[in-house]
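So the structure is just underneath, and the comments pick up after that.
Quick note: the coordinates plus some simple rules give every number you see, no bench work behind them. Computed from a prediction, not measured in an experiment: that's the story for all the values here. Don't worry about glycine lacking a Cβ; one is built from the backbone with ideal geometry, like all the others, and counts go over all protein chains shown.
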Amino acid sequence: MNEVTNKLTGIIDNVRELKGLDIDWAYKAHPSKWSKKEVIGHLIDSAQINLQRFVRCTYEENFRLTYEQVEWVAAAHYQDADINELIELWALLNLQIVRVLTSYPPDRLGARCDNSKQEPNLQTVEWLAADYVDHMSHHLKGIL
């Protein structure tokens, strides 16, 4: 879990450095595509869901927790938000994830939850944590 939390801490630092930079955060290549601001918003939603997964897996197992990413981004109106506020919210959520994962009960790392929308797909906390950082890195490639 140290590798995941170290990567996540580094990503948080890198993204926080973007605050105040001259980046067109609101530009959309197409009306159906997300802006960079909305990508940060999507990562906020992802952080909220994964934080709940990690916390709940400390005492519960085999539950299902998913979200509708496109609908959440639209409902949250990230395109209209201040980018510095979005970055800080994202960073704070991820710092809490680091705090939770750093002290994770070793006997619960194999606890599973279902992260699928259709067929059951139970994944361990270890897998979810690594996948979370990979997912985030994929989305941030277009920004960093």
Under 13 Å from the mean Cα position of the chain (by Cα) and more than 27 Å from residue 31 (Cα to Cα) - does that describe any residue in the stretch 98-115? yes
Quick one: in the stretch 59-76, of everything that is in a loop (DSSP other than H, G, I, E, B) and under 17 Å from the mean Cα position of the chain (by Cα), which residue is farthest from residue 132 (Cα to Cα)? 68
Are any of the residues in the stretch 81-90 part of a helix (DSSP H, G or I) and either more than 18 Å from residue 21 (Cβ to Cβ) or basic (Lys, Arg) (or both)? no
Selected residue [touching a residue at least 24 places away in the same chain (Cβ under 8 Å) and out of contact with any Lys or Arg (no Cβ under 7 Å at 6 or more places or on another chain)] from 104, 78: 104
Might you check whether a residue that is among the basic types (Lys, Arg) and farther than 17 Å from residue 13 by Cα occurs anywhere in the stretch 80-100? no
Take residue 51 and tell me if it is surrounded by 19 or more Cβ atoms within 10 Å (Cβ to Cβ) and part of a helix (DSSP H, G or I). no
